[in-house]
Amino acid sequence: MSAEAELPRRVKLAPSILSCDFAHLADELQAVASADWAHVDVMDGAFVPNISFGLPILAAARRASNLLMDVHLMIERPERYLKDFAAAGADSLTVHVESTPHIHRAVQQIRELGKRAGVTLNPGTPLEALRPLLADVDLVLVMSVNPGFGGQKFIPGSLERIRTLRRWLDESGSEAELQVDGGVSSTNARAVVSAGASVLVSGSAVFGKDGAQAGLERLREALK
Ligand code: DX5
Ligand code: ZN
């Protein structure tokens, strides 16, 4: 698809605070106030080889911003903490199919808490693992890097996975968001949206050295 071709849908931008300056969390959130969602990456050092932050940072972000709090749980057995994350201010909770043997129950629990339910999977997990869940979720997240760290390179094969999921969602009449997370920047945002994404997560490309406002603007320009 050429750079000029019209994009299939209006896309939501979800800056990932993982790459922000935590000493100035409120200012950083203010700088991205014109975005759609704030993406909050929780890592436990067990499900992924990195520890990020947990409930108190989510609660602080919630106090500092009106953005929808989109929480991506990279933790083992996330069902143990769903209630706590909901209470700390999550509007949307996304869980990994690899993180619990009871993924469907975790989705049900999120819905019972009155929150948006999202599911995701690592780049090495077959997409089929999501199929049984599609009718019951508000969001499907395609990881385009191996989860655990910001600033990694977009895995090119992710585009095909996005296309497949877009087809499955459209065929089933689902209005769930199709979110893409990992290595998204102004250089590939158009291709990612053309493949079918409706929500773009971006960390290092937004909270770069020239400030989050400029980073967000670059993404928007690329999508015009
Ligand atoms: C990776 C996280 C991402 C990360 C994205 O495990 O889930 O949300 O913050 O960062 P970038 O955009 O730098 O790849
Ligand atoms: Zn994430």
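At-a-glance table
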{"read-out": "Cα→Cβ-extended label distance, 7 Å offset, between S34 and D84, nm", "value": "3.7 nm"}
{"read-out": "Linear extension gain, R163 paired with A5, 0.36 nm per residue minus alpha-carbon span", "value": "55.2 nm"}
{"read-out": "Relative contact order (percent, whole number), the chain, Cα cutoff 8 Å, 6+ residue spacing", "value": "20 percent"}
{"read-out": "Whole-percent carbon and sulfur share, accessible surface of the range 129-224, 1.4 Å", "value": "51 percent"}
{"read-out": "Cα→Cβ-extended label distance, 7 Å offset, between E128 and E175, nm", "value": "3.2 nm"}
{"read-out": "Relative contact order %, the range 181-224, counting alpha carbon pairs below 8 Å whose residues are six or more apart", "value": "47 percent"}
{"read-out": "Peptide ranges 87-93, 54-60 listed from the most packed, as the mean C-beta count within 10 angstrom indicates", "value": "87-93, 54-60"}
{"read-out": "Residue-by-residue Karplus 3J(HN,Hα) for the range 23-32, coefficients 6.51, -1.76, 1.60, Hz, glycine and proline x", "value": "6, 10, 4, 5, 5, 5, 5, 4, 5, 10"}
{"read-out": "Shape box of the chain [Cα atoms, principal axes, largest first, Å]", "value": "44, 44, 30"}
{"read-out": "Probe 1.4 Å, accessible area per residue of the chain, Å²", "value": "44 Å²"}
{"read-out": "Nearest-20 debye value, the chain charge dipole, Cβ charges on Lys, Arg, Asp, Glu", "value": "140 debye"}
{"read-out": "Calculated from backbone phi, Karplus (6.51, -1.76, 1.60) coupling profile of the range 190-207 in Hz, x at Gly/Pro", "value": "4, 5, 5, 6, 4, 6, x, 5, 10, 9, 10, 8, 8, x, 5, 6, 8, 8"}
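The values are calculated or read from the model by the stated rules, or taken from the named source; none is laboratory data. Computed from a predicted model, the values in this text were never measured in an experiment. All Cβ positions, even for glycine, are placed from backbone atoms using ideal geometry, and neighbour counts span all protein chains on display. The area values use the complete protein model at the heavy-atom level, side chains included, leaving out ligands, DNA and RNA. Shrake-Rupley method; radii C 1.70, N 1.55, O 1.52, S 1.80 Å.
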